[in-house]
Amino acid sequence: MPSVISTLLHPQRTPPPPIDVDLARVMWAGTTVWGAAVPVTGALWLLGVISGIWVATCGAGAVLGLIGVRWARTHGRLADDGSGAMVRPDHDALARKTPTA
């Protein structure tokens with residue numbers, strides 16, 4: 001058993017376990033916020049309060065968010081083992097085709 005001094009001088013930290021997160025759902029929430037910001041900034045731009053770059057920024061955020069949601073839905077899902085890892089949709093099909101020794 002290591003001494004207290006040794007433990008204090010050389011601490012060993014274990015990372016917390018990953019959290020199960022549906023990436024597509026998180027991206028969809030962010031995309032919704034960007035989409036809601038488009039009409040708000042558009043109205044402020046029409047009133048002359050802000051410049052048009054803010055409207056363009058919100059629009060770009062919404063478009064990139066939609067691309068991200070599509071990517072997350074087609075390229076990954078959460079692993080069934082609860083590890084929080086993203087796996088490709090065809091991962092299970094490849095595992096079934098691979099013969100085991």
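The values are calculated or read from the model by the stated rules, or taken from the named source; none is laboratory data. Everything quoted here is computed from the prediction, not taken from an experiment. Virtual Cβ from ideal backbone geometry, glycine too; neighbours counted across all protein chains shown.
Does any residue of region 16-24 turn out to be assigned to a helix (DSSP H, G or I) and at pLDDT 75 or above?
Checking region 16-24: at least one residue is assigned to a helix (DSSP H, G or I) and at pLDDT 75 or above.
Going by what's in this entry, would THR74 be described as of a type in the set (Ser, Thr, Tyr) and touching a helix residue (DSSP H, G or I) at 6+ places or on another chain (Cβ under 9 Å)?
no
Could you check region 1-15 and list, in sequence order, the residues that are part of a helix (DSSP H, G or I) and of a type outside the set (A, V, I, L, M, F, W, C)?
Within region 1-15, SER6, THR7 qualify.
Quick test of your reading of the structure: ALA37 fulfils all but one of (1) surrounded by 12 or more Cβ atoms within 10 Å (Cβ to Cβ); (2) in a helix (DSSP H, G or I); (3) without any contact (Cβ under 8 Å) to a residue 24 or more places away in the chain. Name the failing condition by number.
Tallying (1) surrounded by 12 or more Cβ atoms within 10 Å (Cβ to Cβ); (2) in a helix (DSSP H, G or I); (3) without any contact (Cβ under 8 Å) to a residue 24 or more places away in the chain, ALA37 fails exactly one: (3).
Which pairs have Cβ atoms under 7 Å, sit 6 or more apart or on different chains, and link a residue in region 65-79 that is modelled with pLDDT under 85 to one that is among the acidic types (Asp, Glu)?
LEU78/ASP20; LEU78/ASP22
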